[in-house]
Each structure stands twice: as structure tokens, then as C-alpha cells.
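These notes concern the structure reproduced below.
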Amino acid sequence: MSKPFAPQSLLSVIAQRGAPHARNVRGRERRVYAILARVTAQPFIPPRDAQFYLLRAHRQPLPANIAARFIEQFTQPGDLIIDPFAASDAVVRAALERGRRILAAEVNPLVAWATRVQATMPAAREINAALKRWGETRKDNETLREYVEKLYATLCAQCGASVNADAFVYVRDGAKNLLAEKIYTCAQCGARRDAVSAGDRLRADNAAPRGLTLPLLTQRLYADDPAHTPRLKRLLEFYTPRNLNALAVLTQKLETDFRQDAARQILDALLLQALDVGAALYATMDALPARAIPPTFVEVNIWRALESAARGLGERAPALRLAPDLATVLGTNAPAAWIGQGGARLFAENAADAQAALVLASPARLDPTFWELSFLWTRWLFGKNAATPLEPLLEAERQRWSWYGGALAKALDETARLVRDEARLVVAFPSGSHAMIEALVLAAASSYALQDFAFRPDDGLQTVTEFGALRGAYQVVWQRRATDAIDEAPSLTGEALRAALRAQALRGALKILRARAEPLAYSWAHHGALTELARTLLLRDVLRQTYRQGNNAFQFLHHEMDAGLKQGYAAELDHWQAKTRVLWLARATEPSQPALCARVERVVRASLGAQKQIGRDALESMTLQEFPGLLTPERELIEICARAAADENALEWNWRAESEDAFRAHARALTAQVGMRLGYQAIEVAAPFDMVWRVEKIIPGSTNGTMPEERVYEDAYGFIFRARFDLDEWSAPRAATPRGLIVLAESQVEFAQHCLWRDPRWQRQLERAGWEFLRVRWLELLLQQSDATRPEFHLAWGLQPAWAERQEQLELFE
Ligand SMILES: [Zn+2]
């Protein structure tokens, strides 16, 4: 008789992972064990896709190069791919170009339409011709184009010439929008940005809709529909009167002159882009849209928006031939694609035996503002009935993560029925939140086993609090699980489940902290915990239990993960508070490997040294290969490492063939000269220093002459000359005297500063070991000064010497 199953024993086996333990597990447990996919970390793929996409800012579609890589990796020609959240035509194109079949759909009818239209856009010539015809229709005494452009007329602040602005900038004052600046290009003076004049304010006021323009529009949008009128009125406030006027006039022309026109679809696509970027939700021209009008926003020239949309759509590859229905794609082995509107059920009902090889998508974010805007824009472009499928998305409960997570879980479970055994699920998106990634990982847990999880934070300093999240890009891969084994596997409930979740979360956080060997923002602790949990069946148990009890699985998981990490404070976890950052760190175990920044620098230097000349993208990709999954370094780190060894230009790195011997000779000569100038003897010595500055001291003899005067020599400073920055070398304790100075090559300064910023503990370590940096540049400056003093020498120490600040201040006065 087999022993009753003991949850704790399975957990510990799972936790230790790795095949050898499988021997100790019997029967049923062994099967459970077999379905836990090993995490095989893959390199992060940097997005290299500058293509134009309709609704891009709202949907952040999967970049074409990322789609291509996963398609090549996980499918063969003829295989079927499913994109259940078709945010753009990028995945469809990537699939067709590689001879695959693809079914793409999206619940939001506006997104589905935009995706389909973008996939089938005609050549640039046709798009431009359509826009030209639209612009040449008459409005009062001028062309429509002249009418719209003139709404943005202004005068150059420099030369007074007439010019149409590209955009205006408004500042919010309570509920009022104050016109503040104009952005324009003057034929004489070039690109400018100036404060607006009284004339500009007057013209903005006069640019509001007149006559029947607005009534005709509102009639179209919400007449006889009291249920939606307040919402639509509120949404129309996202437009300045001037932009509302332009958009309404353009729409009216479409209705009167282009009702049956063959080019109507092209013009609708252009108008959609103008509706999007013409809303007062963009803080700058390149910003992602806010969810309410931001404190400062841009009002783009609507005609320019149409023109840039025409350019963007025209630059795309030729129109695709799409299949008329799903069945056509399913019934062939030749490359074929279908794009449509619908949710998971659509696939379930029409593609049950699809046997897809890959599900590849960038899911919609929880974004009620975009759903509301979709509702407005769908009615605007296609009338009331077309927007009906969006009505459920407007309900208040749809704004909650619990609903979002539940909907995702349902959608992913449905896709699991359409794929063959061992098929992959890949989700990639350029900017996500912790809540979104938690919802995703949990939603996938019942049908898929996590295989790989890569996260890369956005560049730039980010302020982080103890539980503050970094924004960044995600690439996550799962593999379809064998369902029978999953269902048979025993589950944990109640307190046992909570305890297991907490322990496993802490284990995961510690694992990533040790793997990167540096203090980290909370995001990594969180992702380490989440991925560790995803390796077990605990997430399945979370889903099961909370569904049964009607609880919110997503909140439950989030809470237990945080609780687990908090439990770790007592023993293995610690924090480092550094100015604007709270960093998490694993407590004082001997690091088994160098810090991540040192490892990245080594790889980058090796690649540069081997290639001498290498494209920036190529270097980034090569480096990322070496640091997969949660080890993925920020782009910033790779570039800093590269700058330490190579010169950069726009496209490539050129290895600086620096001779370390030459550097040492230069540093040695400089140090000796400065030492002599300051009255020391500079003497070359053997380890631990390369040179010491020696000072002669005279101990006076006794007055009665019994003790003669004595001369002793004392080492005041010890120097080492280093062309490379290597923290490990300097962390070992050494005798306190003499003071040690590391004379560092200038090329290493930025990297050195970055390393000390990443791990503030190093500063302390260096101080404890009695080391201080001395930059070559400051030795040179000291030498140039004929009257350099010993106090000035002290001020020249450090990566950012105190003297530097004084010099800069002096320069200000000169
Ligand atoms: Zn000018």
C-alpha cells in the first residue's frame, strides 16, 4: 500500500527541482513531476520595429522582429499560429512571410478593424491620392485642406512670417485649458517652439466649431441614446474646440462626398489616427496617452496628423491577401491568414481541431479609457450599431483587475484547447505593470507551464520605493501542459497553500538576488517570486481554491507573495536605502559570482575586442544571449560597458585599441611628477602597490647629545595604476596605512560610477579597505598648476572629486 500523499514532501521536491529528486517520488507524484517544465531561459529580444501602427500607443503591438524570432523558434512552415489579441498586423505579416498559417482576432471591434485594414492597405500612391482628393473638396471658399490647416495659423515669433503650427501646447488650470506654446517650422528660421501671443489665443477661440458642424456630429454620435450621452459628452471634452472643429468638418465631408467611395476605408483609417493623436491625452508628441487630460498636453494639427498617418501606412509592405474565413485557413497547408473580431469563444466554436503550434500575442491592457475611446471612435467612424459589441467593456466591473485576470484566464484556457501537445504560448509587450504580469502568469497557470520569463526595465533612473514597480518590457514563454496529469495531481488548500506560497515566493526572490549578485529594485524580487511559484502547481491551486470560494485569486496571490517576502526580512532578506531608491538584497552570504555589472562588462569587452568594429544592435544582441531570462541587463548597462572600451557613433562601436602598458607608463610618470612637486619621494615598489610616495621625517636628537638626530622614511600614499575597473580586486581588506589610491583610466570612470550606483555597498567596502580613486585627469590638472598644494591633492580624490565642484564654480566666475 502506498503512503498517503503528503503535501509538504511534494513541495520540497518541487522546490529543489531537478531530475535527481524524481527518483524519490513515486507513481502519481512522478507524473506531476514530469509536467513541471524546466525554465530554460532564453535571451531577451530587443524590439527593433519603428513601423507605424494604428492605435499603437494604446495597444503597444508586438514588434515585428520579436514576432519573427518566436515564430522561427517554435514553429515550422505550414504550422498554425494563433494571435488571440491581435493588436496589429505585425504577427500576421511575420507568420505569412515565413510560410505559416495564422488566425488573428481581437474582441475590440475597432482594434480588429484597424488590424485588418492595416494588413490590406494599398500602395502609398493610392493612399496619397485618396488624401489629396479629400483635401481638395470645397469648404466655403477654400479647399478642405486649406480650411483645416488655417485653423492652426500663427506668426513666427522670430521673423513674423505666416506659418501653420504643427502643434500647440496647453497647460491645465483646474478644468480650463490655457494655450501656452506653439511648435512650428518657419521657412526662414527653422524648427521653433515659442510662447503664444494674444493673437494666437484669439485664433484658437475663433477656431471652435460653428454653425451646424457640432450638432451634426453629436446627432451622429448620441442622439436618442440617453444611456450613453453623458459618457460620450465627457469623452468629447478630450478634444480642444479647434480639433473638434477640424475632425467634425473632415467627417462631414466623408459623409457627403465619400459615402460610396472606393477609398473610404483608407480615409477612415487616416481619420482614426487623427482622432487618436488629436485627443488631449498626450503630454508630448512622443508620450504614451494618459487616461485623463494631463497637466500639460499637445494639440496636434489635425491635417498634419492625417499626412503622417498616410506616410506611415504607405511605408508598409504590400497588402496581404486575407482568407475570407477561419475555415479556409484551417483547411490548407499553404500560408494563409485570417483577421477578425471575436474572443476566445470564436476560436473554440470555429477552430476546435486547430492543432496550433504557437499562441503569440500582446494582450490588451486593463485600460477603461481606451475602451471608452474605442466606443466613441467606433460610433464616430461606423455609426451606433457598430459599437454595440463594446458596450460590455464599459461596465464598471471591467475596470477591476479581478475581472481582467478572470477574462485572461478564460481566454488562455480556451486557446489551450486549440493547440497541440507541447505547443508554446508566448506573450510579449513593451511596457507592463506588476498587476498585469501577475494576472497573466496566474491566468496561464492551469493550462500552461512557465518556460521562460524575461524582463527588461525601461532605461533611465527610476525612483523606487520598497514595493514600487519598475515599468519595462516582458517576454514570457509557456508550454502546454498535459491536462490529465494536472488534474490528477493533488492540491493544497487553506493554510498549507498559504504557507507554501510564502515559502516559495521567498525562495524565488532570494534566487534572483543571488543570481544577479547585486541589490535590486522590488520588481526583480517580485518576478523571481512569481516565476518560482509558476514552476510549481501552486498557482493552479490558487485558481482552484479561490474559484471555488468565490475569492479573488489575483488579490490572494499578490497578498501571499508580499507576505512571503516580508517574512524573509527576519532572516535572509535585507534592504538598502539609497537616496531615491530602496533596494532589496540577499543577506551576507559570500557571493558565488561577481556582480552582474562586472559580468556584463566582461562579455561586452570580449565581444568588442574580438570584433573590433560591431553594430550597436549586434553588440546588444550578442550580450543578451549570455544573460537570458531574469538576468537580462538594461540597455543602459550594456552601453556604459561598451563606452568603457570603444568609441561610439550612431550605428556602431569601434574598439579603442588602448595599450594597458602605455596607460601604466603615463600614470606612473604623472604620479611621480605630482609627488615630487608636492615634496614626496616617488618610489616604484612591488605589490601591493605600484608606487609609494615617501616622506622624510627628521626626529630631532636630544639636547644633551646622547640621542643623535634621526632621519626616518614613511610611506604616505600607495598607488596602483589600473586601466580596468575591477571591484573584486579592491574589496579585500588591507593594512590601513599607507592610504591606497587607485589611479584609474578616464575611460573607466563612467562604468565605475555606474557600478557603485548599482551597488552602494561597494563604496563602504572600498572605504573599509582603505582605497580611494584618483582620476588621471585630475593628476594632469594638478601638474598644470605650478603651485599645487597637498590639500589640493586631497581634494582631487574620488570619481567626482570635491575639487571638480570648486573648479566648476570658479569657471562660472571667470
Ligand atoms: Zn521665422
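The values are calculated or read from the model by the stated rules, or taken from the named source; none is laboratory data. Values in this document were obtained by computation on a predicted structure and should not be read as measured data. Glycine gets a Cβ as well: all are built from the backbone with ideal geometry, and neighbour counts include every protein chain shown.
List of remarks:
- Of the set (1) buried (at least 19 other Cβ atoms within 10 Å of the Cβ); (2) within 16 Å of the ligand (Cβ to nearest atom), all apply to A207 but (2).
- Residue selected from segment 135-162 under the condition within 16 Å of the ligand (Cβ to nearest atom), hydrophobic (A, V, I, L, M, F, W, C) and closer than 17 Å to N206 by Cα, by the criterion surrounded by the most Cβ atoms within 10 Å (Cβ to Cβ): L155
- For segment 328-345, a residue qualifies if it is surrounded by fewer than 18 Cβ atoms within 10 Å (Cβ to Cβ) and in a helix (DSSP H, G or I), and the qualifying residues are T328, R345.
- Residues in segment 407-419 include at least one that is assigned to a strand (DSSP E or B) and over 19 Å from R365 (Cα atoms).
- Condition check for L608 on (1) touching a strand residue (DSSP E or B) at 6+ places or on another chain (Cβ under 9 Å); (2) at pLDDT below 95: one failure, at (2).
- Hits in segment 243-280 (condition: among the charged types (D, E, K, R) and outside any helix (DSSP H, G or I)): R259, D261
- Unmet criterion (only one of (1) touching a strand residue (DSSP E or B) at 6+ places or on another chain (Cβ under 8 Å); (2) farther than 17 Å from F721 by Cβ) for E772: (2)
- Selected residue (criterion: farthest from the ligand (Cβ to nearest atom)) from residues of segment 113-134 that are surrounded by fewer than 20 Cβ atoms within 10 Å (Cβ to Cβ) and not in a loop (DSSP other than H, G, I, E, B): V117
- Residues in segment 362-376 that are part of a helix (DSSP H, G or I) and closer than 22 Å to A104 by Cα: F370, W371, S374, F375.
- Given (1) closer than 23 Å to A563 by Cα; (2) buried (at least 22 other Cβ atoms within 10 Å of the Cβ), number of the condition W401 does not satisfy: (2)
- Selection of segment 76-95 for residues being surrounded by fewer than 24 Cβ atoms within 10 Å (Cβ to Cβ) and in contact with a helix residue (DSSP H, G or I) (Cβ under 9 Å, 6 or more places away or on another chain) yields D79, R93.
- Scan of segment 52-71 for residues that are over 19 Å from V426 (Cβ atoms) and without any contact (Cβ under 8 Å) to a residue 40 or more places away in the chain, ordered by number: R56
- Among the residues making up segment 644-673, those that are buried (at least 17 other Cβ atoms within 10 Å of the Cβ) and closer than 23 Å to W757 by Cβ are A644, A645, A646, W653.
- Verdict on A175 being surrounded by fewer than 16 Cβ atoms within 10 Å (Cβ to Cβ), modelled with pLDDT under 95, away from the ligand (no atom under 16 Å from the Cβ) and assigned by TED's automatic domain parsing to the domain that holds P295: yes
- For segment 69-98, taking the residues that are assigned to a strand (DSSP E or B) and among the aliphatic types (A, V, I, L, M), the one that is farthest from the chain's Cα centre (by Cα) is identified as L80.
- Selection status of L492, in contact (Cβ under 8 Å) with a residue 40 or more places away in the chain, in a loop (DSSP other than H, G, I, E, B) and either surrounded by fewer than 23 Cβ atoms within 10 Å (Cβ to Cβ) or hydrophobic (A, V, I, L, M, F, W, C) (or both): yes
- L202 part of a helix (DSSP H, G or I), surrounded by 17 or more Cβ atoms within 10 Å (Cβ to Cβ), more than 16 Å from the ligand (Cβ to nearest atom) and not hydroxyl-bearing (S, T, Y): no
- Whenever a residue of segment 148-160 is acidic (D, E), its partners that are away from the ligand (no atom under 14 Å from the Cβ), lying with C-beta atoms within less than 6 angstrom and at least six residues away or across chains, give the pairs E149/W303.
- Looking across segment 659-679, the residues that are of a type outside the set (V, I, T), within 17 Å of H794 (Cα to Cα) and not in a loop (DSSP other than H, G, I, E, B) come down to L670, A672, Q673, G675, M676, R677.
- Selection from segment 184-193 of residues that are farther than 20 Å from A246 by Cα and within 10 Å of the ligand (Cβ to nearest atom): T185, C186, A187, Q188, C189, G190, R192
- Here R316 meets each of (1) in a loop (DSSP other than H, G, I, E, B); (2) surrounded by 13 or more Cβ atoms within 10 Å (Cβ to Cβ); (3) modelled with pLDDT of 95 or more with one exception, condition (3).
- Members of segment 680-708 that are in a loop (DSSP other than H, G, I, E, B) and under 26 Å from F793 (Cα atoms): Y680, V685, A686, A687, P688, F689, D690
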